[in-house]
Each structure stands twice: as C-alpha cells, then as structure tokens.
Amino acid sequence: MKYLKFFSEGFHVFEDVRHDASRALRLNISGHGIAGGKMANVEFGPMGPEKLISILYKYFRHAMPRYRHIRLLFCHSAGRDEYGNSFAASFSRLLPNSAQVIVEAYQGVIDVTRTHYSRTTNSFEDIS
C-alpha cells in the first residue's frame, strides 16, 4: 500500500497492486456509502460521483491516467439508485479514459474485521 491520503470530505485513497497475474496498479477509494448511490459524510452530506471525480482530478490530475483499476471501497458503491444507476457506473462513465479503466464496487454493506499487526509474529491478528 502506498500514497495514503486523507481528504476532509470524509474519504481516503491509497494505491496498491492487484493480486492477479497482471500485478497492475490500483487506486483504492475508501469511505462510507449509503443506499441510493452516494458517498456519505456527516459534515458535508452526501457526495455524488461528479464531486468525487472533481476532487480526484484536482489532486491527482497527472497520476489518474496510470490507473487501469479503481476500487470503490464503500458500502453500496454498486447499489442502484431510484433511476437504476449505481455510483460505480456513473463514476466510471465520468472518467476521461473510461474505456480503459475497470471500476470495482460493492453491493450492500461491506463488513470489515478489525486487525492488529503483531511485530512479534510479523502478521495481522484478528481483534474483533
């Protein structure tokens, strides 16, 4: 994991490498999502894909074309809104190079297990 950056809008991003034969760079966008296809933030309210794209290109304008994989790590990122569109589908269509990027997203709630890194065993331990 590299380039961890937190945003005041309530999400963070980091870069990793896919664990398949491609070993391609992947941009991960992690935050909170709500049913109906929005990212959630207590302070700023719901955020749509247009706003997220705007923020990403403000900070990563020259780096964005490097990513062929973008993962939306928040609940309901692939869930459909009342018009049948998902956050992920709209986000994907808004990318300038959308035909060359695979957007990964999730339906429903993402359950995360809390872990702790043990320096003694050099491994993660489940602490949930």
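A few notes on this one:
- Subset of the range 50-76 [buried (at least 19 other Cβ atoms within 10 Å of the Cβ), in contact with a Lys or Arg (Cβ under 9 Å, 6 or more places away or on another chain) and not basic (K, R)]: Y67, I70, H76
- Residue within the range 54-62 that is more than 22 Å from I34 (Cα to Cα) and not in a helix (DSSP H, G or I) present: yes
- Filtered by the rule that a residue be within 21 Å of V101 (Cα to Cα), part of a loop (DSSP other than H, G, I, E, B) and either over 12 Å from the mean Cα position of the chain (by Cα) or in contact (Cβ under 8 Å) with a residue 60 or more places away in the chain (or both), the range 1-48 gives M1, R18, H19, D20, A21, S22, R23, A24, G37, G48.
- Residues in the range 91-105 that are in contact (Cβ under 8 Å) with a residue 24 or more places away in the chain, surrounded by fewer than 18 Cβ atoms within 10 Å (Cβ to Cβ) and part of a helix (DSSP H, G or I): L94, Q100.
Values quoted throughout were computed directly from the atomic coordinates according to the rules given, and no laboratory measurement underlies them. From a predicted model like this one, the values you see are computed outputs, not experimental measurements. Positions of Cβ are generated from backbone atoms using ideal geometry, with glycine treated the same way; all protein chains shown enter the neighbour counts.
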